[in-house]
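Just below is one structure, and these are the notes that go with it.
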Amino acid sequence: MARRKKVYEGKAKVLYEGPEPGTLVQYFKDDATAFNAEKRDVIDGKGVLNNRLSEFFMNGLTAIGVPNHFIKRINMREQLIRAVEIIPLEVVVRNTAAGSICPRLGIEEGTPMPRPIVEFYLKNDDLGDPIVSEEHIIAFQWASQQDMDDMVSLALRVNDFMSGLMLGVGIKLVDFKIEIGRIWDGDFMRLIVADEISPDSCRLWDIETGRKLDKDVFRRDLGDLADAYTEVARRLGVMPQGPSGVSKPTLIN
């Protein structure tokens, strides 16, 4: 069988043409990057874990009526998704101060936000994905005012869902980023959650110990990234747990 045609390759995923018009196959790689890909490595099993976790989160969003691109998981590394026109913005929701907001605003890491803060960053690796205002977004026509309202609404609904889900397994959702895409039903356009939701795109702290269970483990050299992601999957019941604990996932290409 001929290999599917590659449509796009990013730092952590590859997109291939799907079996039907309007679909894509999303492949999760084991690559880990940080600091705009200045730091990189290959973490065995990372792609398997992110595929399973993103499937779990997207199915949960579907169950509560939050539209997203996920159709089904194909295998351990691939999932079938709807093709969307990605809005060139990363939408970040912050519940607790961490990452770039701390030096930018002089806030100590771990400070609770007075309310969930929604920020927008331009998707441009060459510029380092700079933060942008609503005025910039509308002026440069990256999105309309209605798009902005809909993106904020989607992001806050995802935050409510993810915060409650994580709290139930002893994890604090510190912040996360999502991407949002446009799809058309005839002449009608709507926005849906796209890309992925995984520990790659969230900051997750153990509520009792403060242990980091996200990509900061890799950024800050805090231990084994696969172990951290496996712990998230174990708590959520995504990966099977045997009598001797969780083993590393079996790799299937």
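Based on Cα coordinates alone, diagonalise the gyration tensor for the chain, multiply each eigenvalue by 5, take square roots, and list the semi-axes in whole Å, largest first. Please report the intermediate quantities before stating the final value.
On the way: eigenvalues 135, 121, 62 Å².
Three semi-axes, in Å: 26, 25, 18.
For the stretch 34-80, what is the accessible area per residue in Å², given a 1.4 Å probe and the full set of protein chains?
On the way: 1950 Å² over 47 residues.
Value for the stretch 34-80: 42 Å² per residue.
At a probe radius of 1.4 angstrom, the accessible area of the stretch 165-222 per residue rounds to 42 square angstrom. Within the listed set ASP224, ASP175, ASP216, the residue fluctuating most in the Gaussian network model of the chain (springs between alpha-carbon atoms under 10 angstrom) is ASP224. Just how many % of Cα pairs in the stretch 1-64 lie over 18 Å apart, if you round to the nearest whole percent? That tail contains 51 percent of the Cα-Cα pairs.
Tell me, what % of the accessible area of the stretch 53-194 is carbon and sulfur with a 1.4 angstrom probe? Before the final figure, lay out the partial values.
Numbers: 3590 of 6660 Å².
Percent of accessible area from carbon and sulfur atoms in the stretch 53-194: 54.
Given the -39500 (n - 2.57) contribution per DSSP H run of 4+ residues, what per-residue ellipticity at 222 nm results for the chain, rounded to the nearest 500 deg cm²/dmol?
On the way: 6 runs with 68 residues, N = 253.
Only helices count here, giving -8000 deg cm²/dmol.
The values are calculated or read from the model by the stated rules, or taken from the named source; none is laboratory data. Source: prediction; values computed, not measured. Accessible surface areas use protein heavy atoms only, side chains included; no ligands, DNA or RNA. Shrake-Rupley method; radii C 1.70, N 1.55, O 1.52, S 1.80 Å.
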